[in-house]
Amino acid sequence: MSTRTQNNILFVAGGTGGHIFPALSVYNLFKNTNSNLYFATDKRGIKFEEVSKINPFLIKALGFERKTFFKKVASLVLLTLGTCKAIFFIKKNKVETIVGFGSYVQVPFILAALVLKKNIILHEGNAVMGKANKLFWKYVKIRTSAFNLKKHFPNTIQIGMPIRSEILQLYNNKYKPLSSKGLFTLLILGGSQGSNILSYRLAKVIVKLPIKLRKKLIIFHQVRQEHLFNVKELYDSNHIKSKVVSFFQDLKNYLNKASLIVTRAGSSTIHECIMAGVPAIYIPIKNSAGNHQYENALVIKNNNAAWLLKEEDIYNGSIVKSISKIINKPDLLKKFALNNRRLGKPLAAKKLKNLILSLEDKNA
């Protein structure tokens with residue numbers, strides 16, 4: 001039996017907020033514990049300040065699906081090189097447990113971990129299994145998920161989505177449809193990569209709301225950098241109170257104020273809305289892999305906790321009717337807010353931490 005007293009754990013996440021934030025929420029729970037922590041991502045992950053501070057191991061990876069022949073060849077070359085680097089990294093740092101949060105970035109590390117016979121835990125954040133997870137699902141020690149995947153993947157533990165600690169603080173807040181000044185607060189999020197259709201295009205439609213509603217509205221709108229001036233000018237010229245930014249530094253504050261959220265349907269975003277107990281209109285990306293954004297949002301809609309619209313509803317302006325109806329139904333908003341609370345799993349990060357430790361204990 002080994003006398004090892006320290007846990008050497010590697011967290012692997014793709015470089016988007018939907019992968020980074022859940023990974024960090026669990027990573028941070030291991031601080032001040034008897035653990036040596038490592039974090040791996042791609043170059044996109046460096047744009048997150050918290051990630052750059054922990055000096056992550058960067059790996060080059062390229063998705064394989066829906067790529068040209070030459071890009072598929074490049075993907076396989078990078079995969080081979082990446083797997084060799086991952087093997088070297090794991091052996092050098094005596095990593096015993098690898099925790100993957102999906103995306104093609106994790107593939108070389110999971111391959112390396114299988115070759116070296118290390119512990120592997122995978123977490124699936126979406127309602128549809130991603131290919132990077134599906135490829136290895138039956139070969140790993142522990143499989144966890146945000147949504148209920150047991151129908152197709154029976155050996156999966158639904159723990160929920162690990163959420164940033166500051167957002168978790170909103171879980172016990174009481175939802176109010178209107179602010180203390182009687183204003184209806186509309187929070188519009190474009191996702192960590194920004195969204196054209198939820199930027200200037202949506203603002204052009206929202207200003208068509210009836211004057212009576214515009215007067216009681218305040219909008220916090222995350223837009224693409226190049227749309228900042230035009231969107232702000234559009235709201236001002238239509239006498240709508242607003243704050244328009246390219247990035248919300250303190251998302252917790254805005255979630256706390258929101259009466260209704262309009263956003264894409266990435267799993268991390270959905271679960272943060274759930275945790276804040278705020279009803280949302282989800283507008284899935286049309287071409288998301290496996291149509292996962294639509295499936296994510298459909299689960300919440302079927303639990304009477306959100307509305308599900310299509311991109312076409314912005315182009316044809318029908319979203320205006322939807323928002324108008326919602327604003328005028330405070331009791332329905334309260335009901336949807338309560339249903340969000342019921343869907344919340346605030347202990348997800350802690351449960352995943354305990355599962356990681358359970359594997360580490362077996363190795364001790």
Quiz item: Phe248 versus (1) open to solvent by 50 Å² or more (accessible area, probe 1.4 Å); (2) outside any strand (DSSP E or B); (3) under 26 Å from Ile327 (Cα atoms): which is the lone unmet condition?
Solution: (1)
Self-check item: Unmet requirement for Lys208, which otherwise passes all of (1) at pLDDT below 95; (2) under 26 Å from Asn328 (Cα atoms)
Solution: (1)
Quiz item: What are the residues in segment 276-294 that are farther than 25 Å from Ser324 by Cα and either open to solvent by less than 10 Å² (accessible area, probe 1.4 Å) or free of Cβ contacts under 8 Å to residues at least 60 places away in the same chain (or both), if any?
Solution: Asn287, Ser288
Exercise. Go over the candidates Val205, Val223 one by one and state the one that is buried (at least 16 other Cβ atoms within 10 Å of the Cβ), over 21 Å from the mean Cα position of the chain (by Cα) and not basic (Lys, Arg).
Key: Val205
Quiz item: Any idea which of (1) over 20 Å from Phe147 (Cβ atoms); (2) open to solvent by 20 Å² or more (accessible area, probe 1.4 Å) is the one Ile319 doesn't satisfy?
Solution: (2)
Exercise. Check whether at least one residue in segment 233-241 is in a loop (DSSP other than H, G, I, E, B) and open to solvent by less than 20 Å² (accessible area, probe 1.4 Å), and report yes or no.
Key: yes
Quiz item: What do you reckon, is Ser268 in a helix (DSSP H, G or I) and touching a His at 6+ places or on another chain (Cβ under 9 Å)?
Solution: yes
Exercise. May I ask you to say which residue of Ile261, Ile274, Ile281 is β-branched (Val, Ile, Thr) and part of a helix (DSSP H, G or I)?
Key: Ile274
Quiz item: Do the conditions hold for Arg214, that is, is it in contact (Cβ under 8 Å) with a residue 12 or more places away in the chain, part of a helix (DSSP H, G or I), charged (D, E, K, R) and buried (at least 16 other Cβ atoms within 10 Å of the Cβ)?
Solution: yes
Quiz item: So which residues in segment 305-340 are acidic (Asp, Glu) and over 25 Å from the mean Cα position of the chain (by Cα), if there are any at all?
Solution: Asp331
Quiz prompt | Filtered residues of segment 187-202 (kept if in contact with a helix residue (DSSP H, G or I) (Cβ under 7 Å, 6 or more places away or on another chain) and open to solvent by 30 Å² or more (accessible area, probe 1.4 Å)) | solution = Ser192, Tyr200, Arg201
Practice problem: Go through (1) more than 24 Å from the chain's Cα centre (by Cα); (2) in a helix (DSSP H, G or I) and name the single condition Ser199 misses. | Solution: (1)
Exercise. Would you mind listing the helices (runs of 4 or more DSSP H) fully within segment 301-364 where at least 3 residues are more than 30 Å from Lys94 (Cβ to Cβ) and either touching a residue at least 12 places away in the same chain (Cβ under 8 Å) or of a type in the set (Val, Ile, Thr) (or both)?
Key: 312-315, 318-327, 330-343
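The values are calculated or read from the model by the stated rules, or taken from the named source; none is laboratory data. This structure is a prediction, so every number in the text was calculated from the model and none was measured. We place every Cβ from the backbone using ideal geometry, glycine too, and count neighbours over all the protein chains shown. Keep in mind that these areas ignore ligands, DNA and RNA; they rest on the heavy atoms of the full protein, side chains included. Shrake-Rupley method; radii C 1.70, N 1.55, O 1.52, S 1.80 Å.
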